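The values are calculated or read from the model by the stated rules, or taken from the named source; none is laboratory data. Keep in mind that what you see is a predicted model, and the values were worked out from it rather than measured. Here the Cβ positions follow ideal geometry from the backbone for every residue, glycine too, while neighbour counts run over all protein chains shown. To get the accessible areas, we keep the full protein, side chains included, count just its heavy atoms, and leave off ligands, DNA and RNA. Shrake-Rupley method; radii C 1.70, N 1.55, O 1.52, S 1.80 Å.
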Amino acid sequence: MQQIENKVAYITGAAKGIGFGIAEALVKNGVKVALSGRDVQALEKAQETLGNANVLIIPSDVRNFDDQLKAVEQIIAKFGKLDIAIANAGIGKFAPIDEMSLEDWNAMMDTNLTGAFHTLKAAAPQLKANNGYYISIASLAGTNFFANGAAYNASKFGLVGFTQAAMLDLRDYGVKCTTIMPGSVTSNFNGHTPSEEDSWKIQPSDIGQMVVDLLRMNHNVLPSKIEVRPTKTK
């Protein structure tokens, strides 16, 4: 079992939802964590909630590669290294393909797919130097298509393929790559406010525990693609 205490992790889209659930689990297990996102107030609230001196917040937009380079620089300046990069930032826009706007298509591709590339590209030198780990948060929509989801499906199918190919590129450097593909999760996705009605869903803390388990797994074992669903429907 790998020791993860005092490892350093970078999580994008981490102010709420799955990203925050991952951050909370990592902090509880002694990991130093950098949280990024576009909403400064939400990041500050997340930092206050975590209440840990080893939490760094970084206002950043994954669509901008320079932002990701600067984020990694800030992490190294604060913690001295980067061991784990988690590409969680994502958005969803849903419409029939003939009604999908260019703006919504591009926003999803730039955030869900290109943003994940930017995060890995910026983090790769540190991950290679530290036998690191890259995790992308995809979706069951990355293998299951549905009406009104063509653009979202395309971004998530792409993210799954990207992560699996990156795994082959980086494994000989000692870098592990995994994509987690959740089904229904209680989150703030698309402006949703979690409530008791979401209790049947996967919880952000469940994804957080899954990330901890992956990081602790023996280094010679790599679950490269994980599909996860609620045990029951509502």
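Which one is most open to solvent (accessible area, probe 1.4 Å), of the residues in region 171-204 that are modelled with pLDDT of 95 or more and part of a helix (DSSP H, G or I)?
D172
Scanning for something more than 17 Å from the chain's Cα centre (by Cα), of a type outside the set (D, E, K, R) and part of a loop (DSSP other than H, G, I, E, B), does region 101-110 turn up at least one residue?
Yes, region 101-110 contains at least one residue that is more than 17 Å from the chain's Cα centre (by Cα), of a type outside the set (D, E, K, R) and part of a loop (DSSP other than H, G, I, E, B).
Please verify whether K128 is part of a helix (DSSP H, G or I), touching a residue at least 40 places away in the same chain (Cβ under 8 Å) and over 16 Å from D83 (Cα atoms), treating the condition exactly as stated. If you could, list the steps in order and put the result at the bottom.
Values: part of a helix (DSSP H, G or I): yes; touching a residue at least 40 places away in the same chain (Cβ under 8 Å): yes; over 16 Å from D83 (Cα atoms): no.
Taking the combined requirement at face value, the residue does not satisfy it.
Any chance region 223-230 includes a residue that's buried (at least 21 other Cβ atoms within 10 Å of the Cβ), over 21 Å from I4 (Cβ atoms) and modelled with pLDDT under 95?
Looking through region 223-230, none of the residues is buried (at least 21 other Cβ atoms within 10 Å of the Cβ), over 21 Å from I4 (Cβ atoms) and modelled with pLDDT under 95.
Out of K16, K32, K70, K78, which single residue is in contact with a Leu (Cβ under 7 Å, 6 or more places away or on another chain) and of a type in the set (K, R)? Spell out how you get there, then give the answer.
On the way: K16 fails: in contact with a Leu (Cβ under 7 Å, 6 or more places away or on another chain); K32 fails: in contact with a Leu (Cβ under 7 Å, 6 or more places away or on another chain); K70 fails: in contact with a Leu (Cβ under 7 Å, 6 or more places away or on another chain).
Criteria check complete, one pass: K78.
I want to confirm something. Restricting to region 131-170 and keeping residues that are over 20 Å from P223 (Cβ atoms) and not in a helix (DSSP H, G or I), which single residue is most open to solvent (accessible area, probe 1.4 Å)?
Taking region 131-170 as the starting set, the residues that turn out to be over 20 Å from P223 (Cβ atoms) are 145-155, 158.
If we keep only those that are not in a helix (DSSP H, G or I) as well, we get 145-149.
Numbers: F145: 170, F146: 88, A147: 88, N148: 78, G149: 0 Å².
The selected residue is F145.
How many residues, within region 122-151, are under 16 Å from the mean Cα position of the chain (by Cα) and not β-branched (V, I, T)?
13
Taking only region 97-110 into account, find how many residues are open to solvent by 10 Å² or more (accessible area, probe 1.4 Å) and either over 21 Å from A151 (Cα atoms) or in contact (Cβ under 8 Å) with a residue 24 or more places away in the chain (or both).
Adding up the residues that qualify gives 6.
One line per residue, one yes/no per condition, for (1) acidic (D, E); (2) closer than 30 Å to Q2 by Cβ; (3) in contact with an Asp or Glu (Cβ under 8 Å, 6 or more places away or on another chain):
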{"position": "A107", "(1), (2), (3)": "no, no, no"}
{"position": "L113", "(1), (2), (3)": "no, yes, no"}
{"position": "A116", "(1), (2), (3)": "no, yes, no"}
{"position": "K121", "(1), (2), (3)": "no, yes, no"}
{"position": "S136", "(1), (2), (3)": "no, yes, no"}
{"position": "S139", "(1), (2), (3)": "no, yes, no"}
{"position": "T143", "(1), (2), (3)": "no, yes, yes"}
{"position": "A147", "(1), (2), (3)": "no, no, no"}
{"position": "N153", "(1), (2), (3)": "no, no, no"}
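Within region 60-77, which residues are of a type outside the set (A, V, I, L, M, F, W, C) and in contact with a strand residue (DSSP E or B) (Cβ under 9 Å, 6 or more places away or on another chain)?
Those that are of a type outside the set (A, V, I, L, M, F, W, C) and in contact with a strand residue (DSSP E or B) (Cβ under 9 Å, 6 or more places away or on another chain): S60, D61, D67, Q68, K70, Q74.
What's the total number of residues in region 42-76 that are touching a residue at least 24 places away in the same chain (Cβ under 8 Å) and basic (K, R)?
Of the residues in that region, 2 qualify.
Which of the residues belonging to region 164-190 are without any contact (Cβ under 8 Å) to a residue 60 or more places away in the chain, under 29 Å from N130 (Cα atoms) and not hydrophobic (A, V, I, L, M, F, W, C)?
The answer is D169, R171, D172, Y173, G174, K176, T178, T179.
Return the only residue of F65, F20 being aromatic (F, W, Y), over 13 Å from the mean Cα position of the chain (by Cα) and modelled with pLDDT of 95 or more.
F65
Looking at G13, G30, G90, G37, which is the one that is out of contact with any strand residue (DSSP E or B) (no Cβ under 9 Å at 6 or more places or on another chain), modelled with pLDDT of 95 or more and within 24 Å of Q209 (Cα to Cα)?
Testing whether each residue is out of contact with any strand residue (DSSP E or B) (no Cβ under 9 Å at 6 or more places or on another chain), modelled with pLDDT of 95 or more and within 24 Å of Q209 (Cα to Cα) leaves just G30.
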